[in-house]
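Structure first, commentary second.
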Amino acid sequence: MLGLLLALQVGTLLAQSTANTVYDRVILGGRLMDPASNLDAVRNIGLLDGRIAVITMQALRGRDTVDARSLVVAPGFIDLHAHGQTPETYRFQSLDGVTTSLELELGTSDVAAWYRERSPGQRINYGVSIGHIKVRMSVMHDSGTVMPVGSGAYREASPAQIVEIATRIEIGLGEGAVSIGAGFPYTPAATRDELLAVFRVAARTKTALHVHIRPGVAGLNEALSLADETHATLHVVHINSAGLAETPVMLEMISDSRAQGHDVTTEAYPYDAGMTEIQSAAIQDIYRAAPNERLAELEWPPTGERLNRDSFERYSRIGGPVVVHTNTEEMVAVAIKSPLTIIASDAYWQKGTGHPRTTGTFSRILGRYVRETHSLSLMEAIRKMTLMPAQRLEGRVPGMRQKGRLHVGADADITIFDAATVLDRSTYREPSLSPVGIQHVIVNGVSVVANGRAVEGVAPGKAVRAPVDRHGA
């Protein structure tokens, strides 16, 4: 009896405290969906100092109020694979519900400088890997800008250069890189000894390697073998574009590897065409001598034309992104539906040209794969876009334990959307079109999207970064 009375008294005091507090912002009457606890219920949320301070059924008062009635309140979407980390792309992604955007495949060769460039603050949270591609370009003195086009792609590294590549990767990790990035098709001259050196750094530092594997089952076997030999943690990027028709088999291979105790994860994006730099080895090695029928898989975004021998050679001299039409919707759906896959956009934007996944990935999942085709439940989709990416990173980046979840003390990164209307609008010809149905996006307690429109002049985004050691910046 005494215990019951004490509990009632504590509950009364907490209720009084909640009623008396004026929060920075309150979110009222929304359908809160938290994949960490599986809570799916109408609740009110109070935000203080950039964090979630209370989740309750009681009335709340705030200096600012978001009316979330009839809307879903979810953790902010976390994108593990987003190129073009600029204010322009951060704005695009915020309108798609993204609160944290990470460049973990291509990465950078200078982690400290990358974070310094963004240190005044950005619209959304940001982070980067130390990238094998970028480091190799630097060590091999490649003349490319985005991707290697010369020695960084096509010249074998000497033993001394392999040591230098590995050393620079370790330095980048010391500077707080989120992970190690790699892309085997972009560095075809990298020997197995070189790749083993990179994997050994990952294993020794307990850092996940986010790898663009070579195509198909053979490419996945190569990456799994390297990870198995070194005991490194592996994340396979965009399994659907790496696998194409072999995607189901490759998902089964990853599942089998996990069942054997290996730390292997993967991701997918909801589009049946990819995009990359036309001058990169990944394109040149496949299409340089291809017949016109094969070249027609490539689309030049500014004109929409499918390429032939003459146009391929002309645009290869100019350089720029090219759309690669090689997949099918059937294989995309297999990847999206798999319980193994995290949703990651592989956002790509370069000088006003880009892929529609930059602006529409997360809305497309919610609109097409949840509401229209029922490939995923709403909670499953939210889990793939929030909790799963956070869990992939939190071993190295402790701050990620407070993202991808809605609980008291978590970062106030929140996406609020209309499940009945949310949908992507961007296309390969009009890739910058923002989606509909993403109503509010809050980053560290500050609105960056309100009533479906970007809020201008705000920069609440913070660095997502591993602990920096004495070598870091």
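Read the figures in this text as sums done on the coordinates, not as results from a lab. Quick caveat, the model's predicted, so the values are computed rather than measured. So basically every Cβ, Gly included, is an ideal-geometry build from the backbone, and we count neighbours across all protein chains shown.
Taken about its Cα centre, region 83-242 carries a charge dipole of about 200 debye when Lys and Arg each add +1 at the Cβ and Asp and Glu each add -1 at the Cβ.
For the chain, a crude dipole built from +1 on the beta carbon of Lys and Arg and -1 on the beta carbon of Asp and Glu, taken about the Cα centre, is about 1100 debye to the nearest 20. Place +1 on the Cβ of every Lys and Arg and -1 on the Cβ of every Asp and Glu in the chain, take the dipole about the Cα centre, and give the residue among Q85, I45, V334 whose Cα lies farthest towards its positive end. Farthest along the dipole direction, towards plus: I45. Quick check: from the Cα gyration tensor, does region 178-281 come out rounded (a/c under 1.5), prolate or oblate? Oblate, since a/c reaches 1.5 and b/c is not below a/b. Farthest toward the positive end of the dipole of the chain, out of H440, T427, H374, is the Cα of H440, where the dipole comes from beta carbon charges about the Cα centre.
Distance from the Cα centroid of region 418-473 to that of region 151-191 is 31 Å (rounded to whole angstrom). Please give the calculated 222 nm ellipticity per residue for the chain, where each DSSP H segment of at least 4 residues contributes -39500 (n - 2.57) and the sum is spread over every residue; nearest 500 deg cm²/dmol? Roughly -10000 deg cm²/dmol at 222 nm, from the helical runs in the chain.
Using the Cβ of Y126 as centre and a radius below 11 Å, the other residues enclosed give a net charge of +1, where K and R count +1 and D and E count -1.
Using the average count of surrounding beta-carbon atoms within 10 Å as a protection proxy, the listed peptides 359-366, 34-41 rank, highest first, as 359-366, 34-41.
Amide H contacts of G62: Y23, each under 5 Å away and 5 or more positions distant or on a separate chain (H built 1.01 Å from N in the peptide plane; Pro and chain starts excluded).
Highest average first, the peptides 345-355, 311-321 ordered by how many other beta carbon atoms sit within 10 Å of their residues are 345-355, 311-321. Which of rounded, prolate, oblate describes region 227-277, given a ≥ b ≥ c as roots of the alpha-carbon gyration tensor eigenvalues and a/c under 1.5 marking rounded, otherwise prolate only if a/b is larger than b/c? In terms of gyration-tensor shape, prolate. The packing ranking, built from the mean of other Cβ atoms within 10 Å per residue, places the peptides 153-163, 192-202 in the order 192-202, 153-163, highest first. The charge dipole of region 254-345, taken about its Cα centre with unit charges on the Cβ atoms of Lys, Arg (+1), Asp and Glu (-1) only, comes to about 180 debye.
Applying 1/(1 + (r/R0)^6) with r as the Cβ-Cβ distance of A245 and S119 and R0 = 56 angstrom yields a FRET efficiency of 0.80. Taken along the Cα-to-beta-carbon direction at a fixed 7 Å, the label points for H407 and A290 span 4.7 nm. Mind giving me the FRET efficiency for N451 and S255? R0 is 56 Å, r the Cβ-Cβ distance, nearest 0.05 is fine. So the FRET efficiency works out to roughly 0.85. For the chain, the tally of Lys pairs with Cα-Cα distances below 25 Å comes to 12, considering only residues 8 or more apart or on different chains. Once both labels are positioned 7 Å from their Cα atoms along Cα-to-Cβ, the gap between T303 and T326 label points is 2.3 nm. Label positions at H374 and E156, each projected 7 Å from the Cα along the C-beta direction, are separated by 5.7 nm.
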